[in-house]
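Presented below is the structure to which this report refers.
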Amino acid sequence: MKIAILGSGLMGAKLGRLWATCGHDVTFAYSRDRAKLDRLAKETGGAAGSVREAVDDAGAVLLAVHWSRTGDVLEQAGDLAGQVVLNCCVPLNDDDSALVLSPGTSGAEELARMRPDARWVSCFNTSPSESFELVFARKDTMPRPHLMFYGDDDAAKDVAGSLISDIGFEPLDAGGLSTGRYAEPFAMVTAVLAYGQPGGPALTYRFNKLR
Ligand SMILES: NC(=O)c1ccc[n+]([C@@H]2O[C@H](COP(=O)([O-])OP(=O)(O)OC[C@H]3O[C@@H](n4cnc5c(N)ncnc54)[C@H](OP(=O)(O)O)[C@@H]3O)[C@@H](O)[C@H]2O)c1
């Protein structure tokens, strides 16, 4: 699958590398450093390009920028009509210390308002990037860690679920986009546990229903 990586930082570069290892055709975009995009392309056998080039014909688009950059990236990306967009962005203020949206909405819903014809799925926002390579390396160890995903388009969620499985997580369907109202604060909890507790940031989670 052709995957567009919009924001090639901690999240975008790591997920893009792993998806390339799985055989996907990855295009890295949206960095202030074109040499970095070219390096990622060379190392992964993928491509580097503009946002518009990356999203053109992409089967999935990963939006992985700071919340303050989302408007700019979407402007460059166009209407994204019919395209599956995986959103890992947490709606944070400039120093990442607080959520900027009121509890009656979420980043997931606001992005969908900005590009209503895109097929949005939120995922990877509740797991620190430091976990991805380790999860990938342990893909054959069962049970896998969960990764919550949510969206309003079932077929888009199937695409997201497959890409989540490629990384080595078990996709956990957490409902529609409005779940972002609860999942985005939960993302802050995972950050507190990952970065504020001893043991390093490679944190994963798994929910169990008992009966
Ligand atoms: N990191 C995590 O573990 C984690 C976990 C859960 C959710 N998230 C969310 O995922 C999203 C991406 O996080 P990240 O950690 O990957 O961020 P990051 O490392 O800062 O990467 C952001 C990307 O956006 C690019 N960018 C282009 N123009 C920019 C500009 N004018 N100002 C700032 N950046 C610009 C950066 O370019 P350069 O290459 O030039 O820096 C970089 O490639 C965020 O919304 C974050 O809340 C992150």
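Key figures for this structure:
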{"read-out": "Options LYS42, LYS36: the member that is farther than 19 Å from LEU92 by Cα, part of a helix (DSSP H, G or I) and more than 13 Å from the ligand (Cβ to nearest atom)", "value": "LYS42"}
{"read-out": "Residue count for the stretch 97-128, restricted to those that are part of a loop (DSSP other than H, G, I, E, B) and without any contact (Cβ under 8 Å) to a residue 24 or more places away in the chain", "value": "4"}
{"read-out": "Complete set of residues in the stretch 130-164 that are open to solvent by less than 40 Å² (accessible area, probe 1.4 Å) and free of Cβ contacts under 8 Å to residues at least 24 places away in the same chain", "value": "GLY161"}
{"read-out": "Which numbered condition THR126 fails, given (1) more than 12 Å from the ligand (Cβ to nearest atom); (2) under 12 Å from the mean Cα position of the chain (by Cα); (3) not basic (Lys, Arg)", "value": "(1)"}
{"read-out": "Close pairs from the stretch 187-202: first closer than 22 Å to ALA108 by Cα and near the ligand (Cβ under 10 Å from one of its atoms), partner among the acidic types (Asp, Glu) and at pLDDT 95 or above, Cβ under 9 Å, at least 6 apart", "value": "ALA191/ASP96"}
{"read-out": "Positions within the stretch 99-117 being open to solvent by 40 Å² or more (accessible area, probe 1.4 Å) and among the aliphatic types (A, V, I, L, M), in sequence order", "value": "LEU99, VAL100, LEU101, MET114"}
{"read-out": "Which numbered condition ALA54 misses (of (1) outside any loop (DSSP other than H, G, I, E, B); (2) small (Gly, Ala, Ser); (3) out of contact with any Ser or Thr (no Cβ under 9 Å at 6 or more places or on another chain))", "value": "(3)"}
{"read-out": "Failed condition for CYS22, given (1) more than 14 Å from the ligand (Cβ to nearest atom); (2) closer than 27 Å to GLY107 by Cα; (3) touching an Asp or Glu at 6+ places or on another chain (Cβ under 7 Å)", "value": "(2)"}
{"read-out": "Count of the stretch 68-96 residues which are surrounded by fewer than 18 Cβ atoms within 10 Å (Cβ to Cβ) and part of a helix (DSSP H, G or I)", "value": "6"}
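The values are calculated or read from the model by the stated rules, or taken from the named source; none is laboratory data. Treat the numbers as computed from the prediction; the structure is a model and nothing was measured. Cβ atoms come from the backbone with ideal geometry, glycine included; neighbour counts cover every protein chain shown. Quick note on the areas: whole protein, heavy atoms, side chains included, nothing else; ligands and nucleic acids left out. Shrake-Rupley method; radii C 1.70, N 1.55, O 1.52, S 1.80 Å.
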